[in-house]
Amino acid sequence: MDKTVEDNFVTLLEENQNIVHKICRLYTNNRDQHNDLFQEITIQLWRAFPKFRGDSKFSTWMYRVGLNTAITLYRKSKRTVQTQDFDSVMFRISSEEYDDTVEQQLKLMYSAVKELNDIDKALVFLYLEDKNYSEISETLGISEVNARVKMNRVKKKLKKILNP
Amino acid sequence: MVDELEMLKKDWQKQEGSLPKYTKEDLYPMLLKKSSSVVKWILFISIAEFAVWILLSFGIKITGDDASNVKTVIGDSVEYISTGIHLAALIFFIGWFYKNYKKIENTDSPRVLMQNILNTRKTVKYYIWFNLAFLVLGTVGAFVLIETTHPEFLSTDSLFLAVISLIIMLALAIGILLIIYRLLYGRLLKRLRANYNQLKKLEL
């Protein structure tokens, strides 16, 4: 493989690696799995890179390949018990800005999102990444209307968890 | 009421600082590692399945007196035709498998990607069903042929025994296959199928 292409790819990946890390955080439960999935997404991105024409942003293209890997291609090497170590595995909760109730709510929300099925998780992930419905529908290959309907259902589901 | 998801979105976007950071030196070696994706597993298992059936279809020949008796009765041409059909089917299925395998692109939409993976896997399944069907039809055909041309070779008892043993053999073969499939593909494709169904529901 051409060294320049490799350099180019690694530079782009280094700049946009947060996207991959965030997908890993959402779809895995521990550091080993996180690294494992990151590795697999990197391989899949690298494999698809010759077909990347630059007509879309590298980051947009990464969302598609990254989510495809997490949802479809990735095979967990080890089964992990569902109980998760909140502090080390889940997301950082800023305690300075939120009072206890908000923090508690966020924890509940994160754990509820983690419990969603893979597809709903992808939908929420893109939403949290501030993607509009047109981008969500394009990345997931579903219609915009269906993306909206589904997102509303997920929102209701999450609301119910918070306000039983 | 505050939209909880908006609150979550705000918090989500603040996590950047806590994410791991890989340097270029960390990333380069990752490009050289081998994939362990579902597709790769399916490819390996499929090759193994093709190999097993090629061995069963072409490698194992009946030898001994019985074989020469059978050959005398059904004739060489029938054997040639059977081998020809097997070979043609093998070429067809491998070609079909390769075509489906090449269609798998990780840049496709998740649903298309899943569909293509399932189709690739189905090709091997069809090949196995073809072999089982061929085994049944071939054996039944051979009995009919022997019965009509050389009835002296088959007594009523031996025909009955042959039919019973064929049924038992088939039941065993299908049973073993189903168990292997449930274990192998069941585990491998459980998540993929569930996600595929979820996506399909979204399109309704």
Residues B:MET30, B:MET169 in order from fewest to most other beta-carbon atoms within 10 Å are B:MET169, B:MET30
Mind checking A:134-147 for the average number of partner chain beta-carbons within 10 Å of each residue's beta-carbon? 2
Quickly estimate the mean residue ellipticity at 222 nm for the protein assembly as shown, helices only: each DSSP H run with n ≥ 4 gives -39500 (n - 2.57), and the total goes over all residues, rounded to 500. -25500 deg cm²/dmol
Kyte-Doolittle cut-off 1.0, length cut-off 30 Å along the helix's own axis using Cα: show which whole DSSP H helices in chain B pass. B:156-202
Full-stretch length increase - B:TYR28, B:ALA88 - with 0.36 nm per residue and alpha-carbon distance subtracted: 17.1 nm
At 7 Å along the Cα-to-beta-carbon direction for both B:ALA133 and B:ASP76, put a label point, then send me their distance in nm to one decimal. 3.1 nm
Points 7 angstrom from Cα along the Cβ direction at B:ALA142 and B:LEU178: gap in nanometres? 2.5 nm
Rounded Å value of the spacing that divides the Cα centres of region B:14-39 and region A:32-49: 6 Å
So for region A:1-77, what percent of the C-alpha to C-alpha distances run longer than 18 Å? 35 percent
P(r) tail fraction, region B:1-51 - alpha-carbon pairs more than 17 Å apart, %: 68 percent
Helix A:58-68: angle to the longest alpha-carbon principal axis of chain A, degrees 0 to 90, nearest 10? 70 degrees
Shielding score for A:59-72, defined as the mean number of other chain Cβ atoms within 10 Å: 4
Estimated FRET transfer efficiency (A:ASP130, B:LYS99; beta-carbon r; R0 41 Å; 0.05): 0.55
Neighbour counts of other C-beta atoms within 10 Å: give me A:MET109, B:MET7 arranged from fewest to most. B:MET7, A:MET109
Calculate the mean, over all residues of peptide A:32-45, of how many other protein chain Cβ atoms lie within 10 angstrom of the residue's Cβ. 4
Running Debye on region B:85-178 with equal point scatterers at the Cα sites and no solvent, what base-10 log of I(q)/I(0) appears at q = 0.13, 0.14 Å⁻¹? -0.63, -0.69
Convex hull (Cα only) mean projected area of region A:96-164, reported in nm² to one decimal: 5.0 nm²
Scattering curve values for region B:35-202, log₁₀ I(q)/I(0), Debye with Cα scatterers, q = 0.13, 0.17 Å⁻¹: -0.76, -1.08
Just subtract the alpha-carbon distance of A:LYS107 and A:ASN18 from 0.36 nm times their residue separation and send over the number in nm, one decimal. 29.9 nm
Determine the equivalent ellipsoid of chain A by diagonalising the alpha-carbon gyration tensor, then write out the semi-axes as square roots of 5 times the eigenvalues, largest first, rounded to whole Å. 29, 20, 15
What are the extents of the Cα atoms of the protein assembly as shown along their three principal axes, listed from largest to smallest and rounded to whole Å? 94, 55, 36
Using Cβ contacts closer than 10 Å as the measure, can you line up A:LYS3, B:LYS122, A:LYS131 from fewest to most? A:LYS3, B:LYS122, A:LYS131
Hey, which of these cross-link pairs are over 24 Å Cα-Cα: B:LYS14/B:LYS201; A:LYS22/A:LYS57; A:LYS107/B:LYS200; B:LYS10/B:LYS190; A:LYS131/B:LYS200? B:LYS14/B:LYS201; A:LYS107/B:LYS200; B:LYS10/B:LYS190
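No lab work stands behind these numbers, since they all come straight from the coordinates. Keep in mind that this is a model prediction, so the values were computed, not measured. No Cβ is skipped: glycine too gets one built from the backbone with ideal geometry, and neighbour counts run over all protein chains shown.
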